[in-house]
1. For segment 11-19, what does the Karplus curve 6.51 cos²θ - 1.76 cosθ + 1.60, with θ = phi - 60°, yield as ³J(HN,Hα) per residue in whole Hz, taken in order and with x for Gly and Pro?
2. What is the sum of charges around VAL23, taking Lys and Arg as +1, Asp and Glu as -1, for the other residues whose C-beta is under 15 Å from the C-beta of VAL23?
3. Please list, by residue number, every one of the trypsin sites (Lys or Arg not before Pro) in the chain that is coil in DSSP and has at most 16 other beta-carbon atoms within 10 Å.
4. Can you pull the one-decimal nm distance between simple spin-label points at GLU69 and VAL23, each 7 Å off the Cα toward Cβ?
5. HN-Hα J couplings of segment 39-52 from phi, Karplus 6.51/-1.76/1.60, θ = phi - 60°, integer Hz, Gly and Pro as x?
6. Can you list the GluC sites (Glu not before Pro) in the chain that are in a DSSP coil and have 16 or fewer other beta carbons within 10 angstrom?
7. Once you've got the GNM for the chain with C-alpha springs shorter than 10 Å, pick whichever of ILE41, ILE62, ILE12 has the biggest mean-square fluctuation.
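None of the figures in this text is laboratory data; all of them are computed from the coordinates on show. Just so it is clear, the structure is predicted and the values come from calculations on it, not from any experiment. No Cβ is skipped: glycine too gets one built from the backbone with ideal geometry, and neighbour counts run over all protein chains shown.
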Amino acid sequence: MPGTNVKVIGFITKESLASWGMVNEVVVYLPQSYNFAGQIIVVPKEQVTIINASSSEVMAFIVSGGVSEIKQ
């Protein structure tokens, strides 16, 4: 979200959209808490910060609404 201090947690599902002419963009899936739905957003690679955690820890954190811990 350019211009804000808000950050979201999601999963990179596609590291390049070159076939669509968006070479420096990635696709991020944002699952919703307590739900099996989510959003897909396209963001510039330089705006993505990789979290040092397993995908299962991150998913548990998201699904729990941020209650569970992500071990560092």
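1. Karplus-based 3J(HN,Hα) across segment 11-19 equals 10, 5, 10, 8, 8, 7, 10, 4, 5 Hz.
2. Here the charged neighbours net out to -1.
3. Loop-located and lightly packed - LYS7, LYS71.
4. 4.5 nm
5. Taking θ as phi minus 60°, the curve returns 10, 10, 10, 10, 9, x, 3, 5, 9, 9, 10, 7, 8, 7 Hz for segment 39-52.
6. Hits after loop and neighbour filter: GLU15, GLU69.
7. ILE41
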